[in-house]
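Visitor: Take this structure, written in structure tokens, and hold onto it; I'll ask about it next.
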Amino acid sequence: MMNMLLRNGHNILLRLHPNGESAVLPSEPRGKVVSNPGGATLIDRMSKAIRKTQAYYLGQQHHDGYWWYELESNVTITAEYIMLLHYLGIKEAERDKKLAAHIMKNQRDDGTWALHWGGKGDLSTTVEAYFALKLVGYDPNDWPLRKARQFILEKGGMEAARVFTKIYLALFGEFEWKALPSIPIEFNLFPPWFPLNIYSISSWARATIVPLSILLDVKPVRSLPERLRITELYKEPHKVPPLTPTKLSPLSWKRLFIVLDRLIKAMEVAPVRPLREKALEVTEKWILEHQEPSGDWGGIQPAMVNSILALAALGKEPSSEPIKKGLEALERFTIEKGDEIVLQSCISPVWDTALTSLALLYSGMDRDHFSLINAGGWLASKQIFFEEGDWKIKKPGLKPGGWAFEFENNWYPDVDDTTVVLMLLYRYADKGFIRPEDLNSGLQWILGMQGKDGGWGAFDVDNNMKIMNQLPFGDLEAMIDPSTADLTGRVLELLGLVGYTVSASPVKKAIKFLKRTQEADGSWWGRWGINYIYGTSSVLLGLASIGEDMSRPYIRKAVRWLKNIQNSDGGWGECCESYEDPSLKCLGRSTPSQSAWSLLALIAVGECASEEVINGVDYLLKSQRADGTWDEKDFTGTGFPKFFLINYHNYRNCFPLMALGKFFSKTAGKE
């Protein structure tokens with residue numbers, strides 16, 4: 001079926017654009033008309049709102065065709081940048097001042113720093129911010145550090161911080177290397193068929209832990225002058241803390257791994273380690289091979305920073321080619337805002353461009369508009385045909401064809417970006433900037449990444465060994481990349497777009513996976529967005545796209561859940577804390593992005609005329625700003641559930657535009 005469709009790009013276009021809906025805003029609205037107290041119809045208000053947001057985006061596009069917006073996280077990313085530069089002996093007073101200004105801007109009134117806007121003070125984040133500020137000259141007796149220190153000591157001191165925070169402190173001699181979990185450098189020699197190896201963990205953990213294993217082996221220290229030390233943050237100075245501060249069951253995996261850690265530490269001090277030098281050599285080679293020509297590693301800050309630190313620990317100077325290029329790549333992750341500089345954990349041009357293009361298309365922009373053609377051409381140019389990506393380890397016979405999140409990340413294309421890009425490019429199969437066989441390569445890559453459980457993970461297939469999260473250095477609980485409902489729903493949305501139905505084998509497997517992972521209340525957990533709203537929306541969009549019967553009980557249960565959690569202002573919201581306590585999944589002030597996700601799902605399943613959808617659309621219209629954008633301080637994106645949350649600055653605008661566009665085409669613009 002796919003080959004037939006690919007041979008006839010014009011037919012694909014007629015069938016897919018977008019779901020058969022009108023491509024332009026009608027001059028005379030038809031269908032359901034709802035008035036607001038001011039007299040303007042809902043359709044009139046939507047038309048105006050859509051045009052404002054479209055105009056905003058047209059003014060934001062880069063001349064090469066892409067859109068790119070800030071990816072906001074927490075201050076540890078910027079604090080670690082300060083630590084890295086000072087560790088390497090790179091000190092620039094003006095840059096330090098601006099990096100510190102960003103950290104200070106985000107300090108809470110109680111002197112702490114949080115994992116996300118509106119969150120509670122976080123110990124590890126506060127320790128890292130404190131240390132970075134002291135490195136650049138802040139006085140520990142002034143209020144900002146004094147108040148932060150009080151919080152740190154009340155929470156158990158820096159010895160109670162997370163493992164990765166302690167590693168940064170150990171680099172400066174502020175924490176004992178021996179008190180950290182061990183990763184034997186020889187671990188990197190284990191072949192992929194061995195039960196535990198570097199490919200048993202997620203791509204982001206792998207790209208971080210492989211270089212980290214060098215640091216834990218070499219144990220480098222750049223001692224600080226007394227005035228910069230932070231011994232005042234110890235709750236109990238001179239006492240080596242345990243690997244885990246809590247009591248463990250004697251039969252738990254974590255207990256077993258702690259016993260294993262003791263054995264590894266004994267091995268590390270053995271007079272003879274015949275494989276150590278070979279392991280160091282292989283690990284260094286792996287790091288250098290995985291560096292992109294642009295200098296990036298894995299497209300993420302932790303991998304980049306740890307790779308630079310590892311190479312420095314092996315004796316390379318900051319002026320050496322790999323470190324120099326790595327630092328240049330990190331510099332490209334920075335954003336300067338007046339008197340402050342912030343380092344992003346990642347950058348998202350492919351993701352932003354695909355989502356923005358779909359939003360413009362869904363909202364009625366002419367598909368031949370130069371902006372969309374330019375964006376489509378740029379996205380087509382970012383397809384990855386690199387044969388040696390890490391995903392290939394478990395899928396050696398699968399041909400490449402995916403897309404990554406960033407400008408450069410050949411080793412790690414991902415299912416989510418590839419899916420969303422193809423959702424756009426299949427609508428442009430007749431335009432010539434992407435060949436039919438390249439579209440098919442992307443689709444076949446996605447199909448080949450389906451897990452044995454029927455779902456899809458992000459970067460790898462069947463990366464689901466849960467015990468890896470019990471490793472002593474896995475305290476972020478993000479050591480694996482299993483199949484998730486939100487990604488599976490997204491893939492189904494694409495498959496439905498290109499002609500797959502519920503009778504197709506990949507779809508059948510995916511539906512079984514989704515039924516197994518549905519919560520008792522009808523919702524689905526969201527891995528890459530917050531949280532149950534995101535997961536449930538993605539799943540419903542996918543099921544609607546592949547033609548599942550919307551009257552099925554499990555779907556109606558999800559729809560009821562989504563309707564029932566609507567806020568009184570017409571919007572939807574969910575707090576980040578729902579990852580820790582699922583009972584909070586129904587709580588959260590309304591946000592534009594989460595409201596839009598809910599609306600997109602309800603519209604897709606046929607609830608366009610419902611009171612909930614009408615009120616949700618009204619919420620988006622009322623909360624839109626004069627320039628066509630929305631305000632959203634709340635974090636609605638996810639890096640690692642519970643521990644690393646994200647505010648994608650494009651989400652607040654692209655998803656509301658999608659939702660308004662979909663509603664408009666259903667109620668006023670349907671041909």
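Visitor: Counting C-alpha atoms alone, how compact is segment 437-548: give Rg to one decimal and Dmax as a whole number, in angstrom.
Guide: In order Rg, Dmax, the Cα atoms of segment 437-548 give 14.3, 46 Å.
Visitor: Let's test the formula: R0 of 35 Å, r as the Cβ-Cβ distance of Ser568 and Thr41. What FRET efficiency results, to the nearest 0.05?
Guide: 0.90
Visitor: Same structure again: Relative to the longest principal axis of the chain, what angle (0 to 90°, nearest 10) does the C-alpha long axis of helix 370-381 take?
Guide: Result, in degrees: 50.
Visitor: Let me ask you something else. Need the list of lysines near Lys325 for cross-linking: C-alpha distance under 20 angstrom, and skip anything on the same chain fewer than eight residues off.
Guide: Straight-line reach from Lys325, under 20 Å: Lys91, Lys285, Lys316.
Visitor: Taking 7 Å along the Cα-to-C-beta vector as the label spot, tell me the Glu331-Arg229 distance in nanometres, rounded to one decimal.
Guide: It is 3.4 nm.
Visitor: Over segment 623-671, what lengths in whole Å, largest first, do the semi-axes of the equivalent ellipsoid take, defined as the square roots of 5 times the eigenvalues of the alpha-carbon gyration tensor?
Guide: The answer is 28, 14, 6 Å, longest axis first.
Visitor: Something else now. How far apart, in nm, are two points set 7 Å out from the Cα along the Cα-to-Cβ line at Leu88 and at Met104?
Guide: 2.5
Visitor: Given a Förster distance of 41 Å, report the FRET efficiency between Asp581 and Trp193 from their Cβ-Cβ distance, rounded to the nearest 0.05.
Guide: The computed FRET efficiency comes out at 0.55.
Visitor: Could you work out the local net charge near Asp618, counting Lys and Arg as +1, Asp and Glu as -1, over the other residues with Cβ closer than 10 Å to its Cβ?
Guide: Every neighbour counted, the sum reads +1.
Visitor: Among the listed pairs Lys97/Lys337; Lys134/Lys265; Lys98/Lys147; Lys48/Lys585; Lys563/Lys662, which have their C-alpha atoms separated by more than 23 angstrom in this model?
Guide: Lys134/Lys265; Lys48/Lys585
Visitor: Pulled fully out, how much extra length does the chain show between Tyr554 and Asp64, if you take 0.36 nm times their separation in residues and subtract their Cα-Cα distance?
Guide: Result for the pair: 172.0 nm of gain on full extension.
Visitor: Let me ask you something else. Sticking to Cα atoms, compute the Rg of segment 256-388 to one decimal and its Dmax as the biggest Cα-Cα distance, whole number, in Å.
Guide: Considering segment 256-388 through its Cα atoms, Rg and Dmax are 21.6, 71 Å.
Visitor: Counting every Cα pair in segment 74-343, what percent are over 22 Å apart?
Guide: 59
Visitor: Could you please report the charge total around Leu599, scoring K, R as +1 and D, E as -1 over all other residues with beta-carbon less than 12 angstrom from its beta-carbon?
Guide: 0
Visitor: Determine the gain in length on full extension of the stretch Ala520-Val269; use 0.36 nm per residue of separation and subtract their C-alpha separation, reporting nm with one decimal.
Guide: 85.2 nm
Visitor: Using a 10 Å cut-off around each Cβ, can you sort Trp391, Trp525 from fewest to most neighbouring Cβ atoms?
Guide: Taking fewest neighbouring Cβ atoms as first place, the list is Trp525, Trp391.
Visitor: Separate question: Given segment 362-502, what count of lysine pairs have C-alpha atoms under 17 Å apart, with each pair 8 or more places apart or on different chains?
Guide: So the count works out to 6.
Visitor: Once all Cα-Cα distances of segment 75-225 are split into 5 Å bins that start at 0, what whole-number percent is in each one?
Guide: Pair shares across the bins are 2, 9, 17, 19, 18, 14, 10, 6, 3, 1, 0, 0.
Visitor: For Lys382, Lys452, Lys166, what ranking results if the residue with the fewest other Cβ atoms within 10 Å of its Cβ goes first?
Guide: Lys452, Lys382, Lys166
Visitor: Further question on the same structure: Could you order peptides 438-447, 293-302 by the average number of other Cβ atoms within 10 Å of their residues, highest first?
Guide: 293-302, 438-447
Visitor: Taking a cut-off of 12 Å between Cα atoms, list the aspartates and glutamates near Lys666, but don't count ones fewer than 8 places away on the same chain.
Guide: Cα-Cα hits under 12 Å: Glu21, Glu607.
Visitor: Work out the FRET efficiency for Leu153 and Lys395 from their Cβ-Cβ distance, taking R0 = 45 Å, and round it to the nearest 0.05.
Guide: So the FRET efficiency works out to roughly 0.35.
Visitor: Between Ala609 and Lys239, what is 0.36 nm times their sequence separation minus the Cα-Cα distance? Round to one decimal in nm.
Guide: My answer for the length gained is 126.7 nm.
Coordinate-derived values only; no laboratory data. Since we're looking at a predicted model, the values are computed, not measured. As a convention, Cβ positions derive from the backbone with ideal geometry for all residues, glycine included, and neighbour counts pool all protein chains shown.
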